[in-house]
Amino acid sequence: MVLSVETVLRETAGRLLRSGADSFSFFAIDSRKVKPGSLFFALKGTQTDGHLFVDAAFQAGATGAVVEQELKADGTLVQVQDSMQALHDLATFSRKNSKARFIGITGSAGKTSTKEFTAKLLMEQFSVYKSEGNLNSITGLPLSLLAMTDEQRAVFEAGMNHPGEIASLGKMLRPHVAVLLNVNPVHIEYFDSIEGIAKEKASLADCVIEDGPVIYNGDDELLRNEMIKRVMKKISFGRNSDSDLRIEELNLKGVRGLDAVLNWNGQQFEIESSLCGMGNAYNIAAAVSVALVEGMKAKDIQSGVKKLAAYSQRGILTEISGIHIYDDSYNSNPRALELALQLIADSKGFNRKVAIVGDMLELGENAIAYHQEAGKHAATSGIELLITAGSLTQHMADEARKHGVSEVHTTSSSAEAAELAVKKLRAADLVLIKGSRGMKMETVIERLRNS
């Protein structure tokens, strides 16, 4: 979207400190990501202040900046009371002026993958905009809204760390269709209970416009309980017999993919995918539900599902020197790790089954118990070699030993785990790599590639 200075001033109630460029085609909050012609928002964070980087933004090609204090700079300067609010105000303006139908997706796991899958399916019939990467936060989503042009469908994900953030993003996004994937104990240290997380996720449903449907995982008890409270158009997906989109004859082939029969109001159609595991079965079902709601035909959906591929660090099978790596390193939580271990258990035709696992962060007072439970899952999944990284996964290692995992090693970091992996892994091993984002478990894969 191109915004004129007049629009910026009007929508933010800003004051023009200095004239320069008359309009802006790009928008940034990080001076390192500025493109020529950008409007830079100087945001005050907990660790730094964007006002310190206004000069750097102009040097990188920005032609304007939104600031809270008077500065001298070589470009347009707009002063506002709150730069974050100004960013949100302009994103809201962009949303109001779009003719697209908006799809908003949230959940504790699988948001980015489901967004990518949904966009890919819709592209079989429509022009589609999707938010880039995992721009789903109170800064990322508004930047994505400002980047839109004139697409027919727009697919966004909404994430949160603290109470109230999903509702705030939902009011900005105003989706025609909301998708609720699941509720897991992610960021639970900021909530009173997992029920509080469910309530937070379900608040996206309250932001749906034009009597649009809320698509939700009917197998997730916490989401089901939240949706019972709401009177609106609801569509469930899952394996339960009462699901509107029912997953039948599901065949999980480990890391080799999956196939299933989907039943939509009595209409059955088969799907095949190289995507792996129960988590992706749900993600595909959510994306297919959106495609059906948007009027796509089963044959086009079947064709689209075959083209779906795992998103970066979210379930990609790769081979390095004969070692089979299942890269699920982007993030982790107890349920996601359990599903990943089950996926390894379901996989046939490999030498040893190995897990290299980093700490699961932001789990609050039950963090140790969650990691202990993960150790039991590792044992029942047939893991023969477990390498852990971090202090919390030491509890996972202890339980894994107790329950029969034959070889267990603990390390303090992903870098240390990587060095150990180089020494311990052998050709034909199947290796799960997983951990919270802060653990940077992709370090293990990078080290293996360079060994």
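What to note about this one:
- Selection status of His403, touching a residue at least 24 places away in the same chain (Cβ under 8 Å) and farther than 19 Å from Asn331 by Cβ: yes
- Test result for Ala378, within 23 Å of Arg314 (Cβ to Cβ), buried (at least 20 other Cβ atoms within 10 Å of the Cβ), of a type in the set (A, V, I, L, M, F, W, C) and modelled with pLDDT under 95: no
- Wholly enclosed strands (runs of 3 or more DSSP E) of the range 346-451 bearing at least 1 residues polar (S, T, N, Q): 385-389, 407-411
- Any hit, the range 164-172, residues being of a type outside the set (Asp, Glu), surrounded by fewer than 20 Cβ atoms within 10 Å (Cβ to Cβ) and not in a helix (DSSP H, G or I): yes
- Qualifying residue in the range 31-47 (condition: without any contact (Cβ under 8 Å) to a residue 24 or more places away in the chain and closer than 25 Å to Glu151 by Cβ): yes
- Count of residues meeting criterion [at pLDDT below 95 and on the phi > 0 side of the Ramachandran plot] in the range 308-343: 2
- Qualifying residues in the range 251-280 (those that are surrounded by 24 or more Cβ atoms within 10 Å (Cβ to Cβ) and of a type in the set (Gly, Ala, Ser)) - the one farthest from the chain's Cα centre (by Cα): Gly277
Residue by residue, here is whether (1) of a type in the set (Phe, Trp, Tyr); (2) surrounded by fewer than 23 Cβ atoms within 10 Å (Cβ to Cβ); (3) out of contact with any Gly (no Cβ under 8 Å at 6 or more places or on another chain) holds:
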position: Thr410; (1), (2), (3): no, yes, yes
position: Ala415; (1), (2), (3): no, yes, yes
position: Ala418; (1), (2), (3): no, no, yes
position: Leu432; (1), (2), (3): no, no, yes
position: Arg437; (1), (2), (3): no, yes, yes
position: Met441; (1), (2), (3): no, no, no
position: Val444; (1), (2), (3): no, no, yes
position: Asn450; (1), (2), (3): no, yes, yes
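- On the stretch given as the range 113-147, residues that are farther than 20 Å from Val293 by Cα, surrounded by 22 or more Cβ atoms within 10 Å (Cβ to Cβ) and hydroxyl-bearing (Ser, Thr, Tyr) total 2.
- Search result, residues across the range 51-109 that are among the polar types (S, T, N, Q) and touching a His at 6+ places or on another chain (Cβ under 8 Å): Gln69
The values are calculated or read from the model by the stated rules, or taken from the named source; none is laboratory data. Just so it is clear, the structure is predicted and the values come from calculations on it, not from any experiment. Don't worry about glycine lacking a Cβ; one is built from the backbone with ideal geometry, like all the others, and counts go over all protein chains shown.
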